[in-house]
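Below is one structure, written out as structure tokens, with a few remarks after it.
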Amino acid sequence: MTQPRCVTRLVRGMPTSDGAGVRLTRVIGIPELRNLDPFLMLDHFGSEEAADYIAGFPNHPHRGFETVTYMLEGRMRHRDNQGNEGLLVSGSVQWMTAGRGLVHSEMPEQEEGRMSGFQLWINLPAAQKMCAPRYQDIAPERIPEIEPLAGAKVRVLAGEYGGLRGPVDAEATSPLYLDIALPAGASLEVPVPAGHAAFAYVFEGRAELAGQTVGTDVMALLSDGEQLLVAAGDAPARLILVAGRPLREPIVQYGPFVMNHPHEIQQAMLDYQAGRFGPV
Ligand code: FE2
């Protein structure tokens, strides 16, 4: 018998704004859910209104963790102070390992139309927090897709599903990141590595997760186990299912710096102010 996961808690995100005024919903990283080791933050952005996103995220630093941007719709230009640049298009993923630090901007490359997606922050273990920054820019066609049953679609961003392996290499937390779309009435058993912290976030329709109804824009935290029963009710449903190995280390966060000890945060601020994150 495989051990099923069930829903332990539902969390609705908090509307907020970040960057130069981008409106978004924060789901992890709020008072109700400070973090979910190894996940530090989850933002869901989605709007047809340019005013909600046009200001973008001008230059800002990061140190000590990874940021994962999954663009569902829209175009965003990424540039950092070490000469790296990339365009995130609909369906693409950018997996950025900030490591010891960089300064970058994430700016919309559209003046109208819908922009939507997710940004997830994943912690790094102490031994890797000061590694060299690294990018995995993954074009939409590099993300494997499977149709496990008629009308259903699963995209494997990271980890494994249905014999497919996602293109991301993130050894420390060994994440699973799936985008699951189901037609009305369909259900799937999805293996989730035992011992991983896991959540699902429904962003279209309503899903039944292990028999519990989860509405649109609601996150379900999951108990431990080896699989999750995911079903759509009387309408199509779409969700992300994300899991990662907990690091079980102290977390000290100050905005975009996430370290293990307060003195490392002070050092990060000193390094940033002294230009040791590179030229800005
Ligand atoms: Fe950033």
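From (1) aliphatic (A, V, I, L, M); (2) away from the ligand (no atom under 16 Å from the Cβ); (3) part of a loop (DSSP other than H, G, I, E, B), pick out the condition that doesn't hold for Val27.
Failed condition: (3).
Looking only at strands (runs of 3 or more DSSP E) that fall completely inside segment 165-280, which ones have 2 or more residues that are under 17 Å from Pro38 (Cβ atoms)? Lay out the reasoning, then the answer.
On the way: elements: 176-182, 187-191, 197-204, 207-209, 212-214, 218-222, 227-232, 237-244, 252-254, 257-259.
Qualifying strands (runs of 3 or more DSSP E): 176-182, 197-204, 218-222, 237-244, 252-254, 257-259.
Please identify the pairs in which a residue from segment 258-280 that is over 16 Å from Phe65 (Cβ atoms) has its Cβ atom under 9 Å from the Cβ atom of a residue that is in a helix (DSSP H, G or I) and of a type outside the set (Phe, Trp, Tyr), counting only partners at least 6 apart or on another chain.
Pairs that qualify, where the first residue is over 16 Å from Phe65 (Cβ atoms) and the partner is in a helix (DSSP H, G or I) and of a type outside the set (Phe, Trp, Tyr), are Arg276/Leu270.
Regarding segment 46-64, can at least one residue be identified that is surrounded by fewer than 20 Cβ atoms within 10 Å (Cβ to Cβ), touching a residue at least 24 places away in the same chain (Cβ under 8 Å), within 12 Å of the ligand (Cβ to nearest atom) and of a type in the set (A, V, I, L, M, F, W, C)?
Yes, segment 46-64 contains a residue that is surrounded by fewer than 20 Cβ atoms within 10 Å (Cβ to Cβ), touching a residue at least 24 places away in the same chain (Cβ under 8 Å), within 12 Å of the ligand (Cβ to nearest atom) and of a type in the set (A, V, I, L, M, F, W, C).
List the pairs whose first member sits in segment 143-160 and is under 20 Å from Ala243 (Cα atoms), whose second member is among the aromatic types (Phe, Trp, Tyr), and whose Cβ atoms are under 6 Å apart, counting only residues at least 6 apart or on separate chains?
Short answer, once both residue conditions are applied: Val154/Tyr161; Leu157/Tyr177; Ala158/Tyr177.
Can you tell me how many residues in segment 95-131 are part of a strand (DSSP E or B), within 22 Å of Val242 (Cβ to Cβ), within 11 Å of the ligand (Cβ to nearest atom) and not acidic (Asp, Glu)? Outline the logic, then answer.
To start, the set of residues in segment 95-131 that are part of a strand (DSSP E or B) comprises 95-97, 102-108, 115-123.
Among the residues that remain, those that are also within 22 Å of Val242 (Cβ to Cβ) are: 95-97, 106, 115-123.
Restricting the remaining residues to those that are within 11 Å of the ligand (Cβ to nearest atom) gives 96, 106, 119, 121.
This time we only want the ones that are not acidic (Asp, Glu), so: 96, 119, 121.
Adding up the residues that qualify gives 3.
Mind checking whether some residue in segment 30-37 is within 13 Å of the ligand (Cβ to nearest atom), modelled with pLDDT of 95 or more and not aliphatic (A, V, I, L, M)? It would help to see each step written out before you state the result.
The first filter runs over segment 30-37 and keeps only residues within 13 Å of the ligand (Cβ to nearest atom), leaving none.
Taking every residue of segment 30-37 in turn, none turns out to be within 13 Å of the ligand (Cβ to nearest atom), modelled with pLDDT of 95 or more and not aliphatic (A, V, I, L, M).
Would you point out which residue out of Leu72, Leu87, Leu40 is part of a strand (DSSP E or B), surrounded by fewer than 21 Cβ atoms within 10 Å (Cβ to Cβ) and within 16 Å of the chain's Cα centre (by Cα)?
Within the list Leu72, Leu87, Leu40, the selection yields Leu72.
Please count how many residues of segment 65-79 are touching a residue at least 60 places away in the same chain (Cβ under 8 Å) and either in contact with a His (Cβ under 9 Å, 6 or more places away or on another chain) or within 12 Å of the ligand (Cβ to nearest atom) (or both).
3
Looking at segment 10-27, can you tell me whether even one residue there is buried (at least 17 other Cβ atoms within 10 Å of the Cβ) and out of contact with any Asp or Glu (no Cβ under 8 Å at 6 or more places or on another chain)?
Within segment 10-27, not a single residue is buried (at least 17 other Cβ atoms within 10 Å of the Cβ) and out of contact with any Asp or Glu (no Cβ under 8 Å at 6 or more places or on another chain).
Consider Glu32 carefully, then state whether it is farther than 14 Å from Glu111 by Cα, surrounded by fewer than 20 Cβ atoms within 10 Å (Cβ to Cβ) and free of Cβ contacts under 8 Å to residues at least 60 places away in the same chain.
Against the criterion (farther than 14 Å from Glu111 by Cα, surrounded by fewer than 20 Cβ atoms within 10 Å (Cβ to Cβ) and free of Cβ contacts under 8 Å to residues at least 60 places away in the same chain), Glu32 qualifies.
What are the pairs, 6+ residues apart or on separate chains, where a residue within segment 97-111 that is within 19 Å of Glu66 (Cα to Cα) has its Cβ under 6 Å from a residue that is more than 9 Å from the ligand (Cβ to nearest atom) and of a type in the set (A, V, I, L, M)?
Between residues of segment 97-111 that are within 19 Å of Glu66 (Cα to Cα) and residues that are more than 9 Å from the ligand (Cβ to nearest atom) and of a type in the set (A, V, I, L, M), the close pairs are Gly99/Ala132; Arg100/Met130; Val103/Val280; Glu106/Met76.
The values are calculated or read from the model by the stated rules, or taken from the named source; none is laboratory data. Every value quoted in this text rests on a predicted model; they were computed, and no experiment measured them. Using ideal geometry, Cβ is built from the backbone for each residue, glycine included, and neighbour counts are taken over all protein chains shown.
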